[in-house]
Each structure stands twice: as structure tokens, then as C-alpha cells.
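The block underneath contains the structure these notes are about, expressed in C-alpha cells.
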Amino acid sequence: MAGIPMRNGGPAARIAVVPGDGIGKEVTPEAVKVIRAATMSARRPIEFVEFDWGAEKYLREGVTLPEGAVEMLRDEFDAILFGALGDPRVPSNQHAADILLGLRFKLDLYVNARPVELFHDRLTPLRDRKEADVKFMVFRENTEGLYVGIGGFFKKGTADEIAVQEDVNSRKGVERIIRHAFEYARKQGLKRVCMSDKSNAMTFAHDLWQRVFKEVRQEYADLESRHLYIDTLAMEVVRDPRQFDVIVTCNLFGDIISDLGAQLAGGLGLAPSGNIHPGKTSLFEPVHGSAPDIAGKGIANPVAQIWSGAMMLEHLGEKRAAHAVEQAIFRVIARRDPLTPDVGGKARTQNMGEAIAAEVSAVATLA
């Protein structure tokens, strides 16, 4: 592209930055700061372009996703670094649904990747667990299920009201997320894949998950694979998280089980995610949301957003930079300074972000 800086003969990676609402506006600048530090010597430069999509724009202009935004992101950007959406002034949360779910669906970001990793044993509510005991990946199907918004009301607002919500599952959608989970496990040298559903109650939708899983697993005989109902999985993740490497499930269950995993690893302030279509423009965001109760106080934990940035770097092929960011997070948390209040410290968001950015250089020097 004309006008884009070059390094080592390659064009810059263009990143769309959408801080959004609430604490998204506080943690996103820290992630950008860390990514810049991590990519000083990367094989190609990073170019950030910020967009003001969020509650303020919606309330001011009535605009959620501007016309042509999806096509622009798809054609002109390599990835999207996303903050958070949600504002009490928009009780319907219409702007959040239009922007975030709109991008997931319209960019076909069918993989929601949510790593669960314990940075220090003092952060987990589980007794006698070490860092290596809580480390697994949740893959959530990201474009189907109950989130497609198919349904309606009958006699709304009356004593006879009926509400219907449709759960949509396609053969294509189920197979590609299950196959992605197996491929990830194999490439990462992991051994175990667990598929979770509720096929004993959802006898049509999750019968499809059962049949596809049984077919696909035959192609990965080198991996241990098993099925657990979602309620059993929730119990087992708490009882013994060591037994899991990769978990793959539907949209709703993936949302829930990854939040449970995040709490086992120290809370939502440490939980990243990637909304991914392999090889295409993908979106990376923290799990925690806009947290209006602490927005503006400068105490939000930036780690989830920073780690989401590391996942973005991995997606862009900058594995060394991604590793440097992850190790920098480990080192700051291990020395317990500076930490935000949610993980036992008194530092502000900016202090923790600056410390991680500084640590990135030290990690890179040792690499």
C-alpha cells in the first residue's frame, strides 16, 4: 500500500484500535505502549489507526458501525485491537451488539480463543495449586448458537408472554471449530482435547456436535480426546484443572466456561481473547468488558488487554514479540510491583502498563 512505512522489504502491519467505552479507554493505550516496545525490532513495523466507535459516538451521532467499516477493516487492516463496549447511558447496549457482534459475524471470526493461565499461585482461589496446574485453552464457537439473535416475543408484557430464542448450529460451523481445536493442540504439542456440550438435553443441536466430534477425532488418533457434558466440565475444571489442555464448545458454553477459568487464574483483569479467522483480519480484546463501576478511576488491570495484544502479535507472525510480552507480564506479577488493586496491589493502570513495557525490553535482551 502506498504511504505505509517499510522495514526489511515488507509493509507495515496495520492495526485498527477501538478503545470503546469505560475502562477500554484506559487499558487500550497501555496495550499499544507495550506492543510498540515489543516490536521495536520486529520484522515489520506496526501502524496504529484509532477509531472512536463507542457509546459517545452513538449518543452524539446515532452511529454504531459506520457504513463501509467492515469492508475497510477487512481490506485495509491486518488486525483489530478492541477495548470494551458498554455504557449505562445506553441501557439497550445496542451499540455494543452492533459493533462487536457485527464484526464477529460479518468478518466471520469463528474462533473465539480464550487462554486460561495462572501467572502466580497466590492469584488462584484453588487450594495448593501451582502455575502449571492451571493452563488450558478454551475454543468457543463464535458465530452461531444462541448469539445469532433469532427469536421473538408473543404477547409481550402480558401475563401470557412467551419468549423464544433459537440455537443455531450448522455442520460447517461445528466442524471448523472442532477441527481448529485439534489442529491447535497438535501444533502446540499438547495431548488432550475435550469437547463439551449438553446433548443429553439439547438432543438436536448438540447431537450434531456429538456426531461431528466423533468423525473429526478419528483424524487425530495421536491426541487424547473425550467428551464431557458442560455441567460436568464445570465441576472438573474446578476439581482438577490439570487434566485439560484444550476445550472446545459452543458459543454460550464457551462464554461461561472461559469466565470460570479466568476466575481460577486470578480474575477477569487477567483474561484475554482473540476473535479469529485464521489468515484473515481478526479482532483481539480483553474478556472483562467496560466495567463502568471502576471506569475513570485509573485502577483497571491492563494485563487482559496487553495479553490480547500478545495474541494479536502471534496472529501476525511476530512470535518473538508475543513471547516477550507474555514473559514481561509474568515478571511484573511475580515481583508483585506494580500491581493494580484487583491482584493485590495499589498501583494505577498506567503504572502497571509502563512497568510491563519496560520489562519487555529486558526480556528481549535475555532472549
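One table, with the values for the structure above:
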read-out	value
Three-way shape call for the range 21-177 based on the alpha-carbon gyration tensor, with the a/c threshold at 1.5	oblate
Mean shadow area of the range 93-139 over all directions, Cα convex hull, nm²	4.8
Relative contact order computed over the range 101-165 (Cα-Cα under 8 Å; 6+ residues apart), in percent	29
Spin-label pair Met40/Arg320, simplified geometry with 7 Å Cα→Cβ offset, distance in nm	1.4
Dmax and Rg, reported as Rg then Dmax, of the chain (C-alpha, Å)	20.5, 68
Per-residue [θ]222 nm for the chain (sum of -39500 (n - 2.57) over DSSP H runs n ≥ 4, rounded to 500)	-11500 deg cm²/dmol
Residues whose placed amide H lies under 5 Å from that of Arg44, excluding near-sequence neighbours	none
Charge dipole of the range 225-367 about the Cα centre (unit charges at C-beta), most positive-ward option of Gly269, Gly353, Asn251	Gly353
Computed FRET value (nearest 0.05) for Asp52 with Arg331, which takes r as the C-beta separation and R₀ as 35 Å	0.55
Additional length obtainable on full extension of the chain from Asp231 to Ala132, 0.36 nm per residue less Cα span	33.2 nm
³J(HN,Hα), Karplus 6.51/-1.76/1.60, whole Hz, each residue of the range 189-199, x for Gly, Pro	x, 8, 10, 10, 10, 10, 9, 10, 8, 9, 5
Taking the C-alpha atoms of the range 10-67, convex hull volume expressed per residue in Å³	68
Bridge type composition, the range 193-308 - antiparallel percent by DSSP, nearest 5	30
Modelled FRET efficiency - R0 45 Å, Val164 with Ala362, Cβ distances, 0.05 increments	0.20
DSSP bridge orientation in the chain - percent antiparallel, rounded to nearest 5	45
Kirkwood-based shape ratio for the range 190-344, expressed as Rg/Rh from alpha carbons	1.01
Distance violations [Cα-Cα > 22 Å] among Lys33/Lys130; Lys33/Lys319; Lys187/Lys280; Lys172/Lys198; Lys106/Lys280	Lys33/Lys130
Asp197 accessible area, 1.4 Å probe, all protein chains in place, Å² to nearest 10	0
Share of carbon and sulfur in the accessible heavy-atom surface of the chain [1.4 Å probe, %]	51
Where N is the number of residues in the range 282-346, Cα Rg divided by 2.2 N^0.38 Å	1.22
Relative contact order computed over the range 62-188 (Cα-Cα under 8 Å; 6+ residues apart), in percent	18
Accessible area expressed per residue, the chain, with surrounding protein chains retained (probe 1.4 Å, Å²)	45
Probe 1.4 Å - accessible area at Glu166, Å² to nearest ten	90
Nearest-10 value in Å² for the accessible area of Lys172, using the 1.4 Å probe	140
Computed Rg/Rh of the range 236-319, alpha carbon atoms with Kirkwood Rh	1.00
Length gained when the stretch Glu61-Lys297 is fully extended (0.36 nm per residue, less Cα-Cα span)	82.3 nm
In nm, spacing of pseudo-spin labels at Ala221 and Arg186 (7 Å Cα→C-beta vector)	1.3
Relative contact order, percent, the chain [alpha-carbon distance under 8 Å, six or more residues apart]	23
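The values are calculated or read from the model by the stated rules, or taken from the named source; none is laboratory data. Please read these numbers as outputs of a predicted model, since none were measured by experiment. Neighbour counts are summed over all protein chains in view; Cβ atoms, including those assigned to glycine, are modelled from backbone coordinates with ideal geometry. The accessibility values were calculated without ligands, DNA or RNA, using every heavy atom of the protein model including side chains. Shrake-Rupley method; radii C 1.70, N 1.55, O 1.52, S 1.80 Å.
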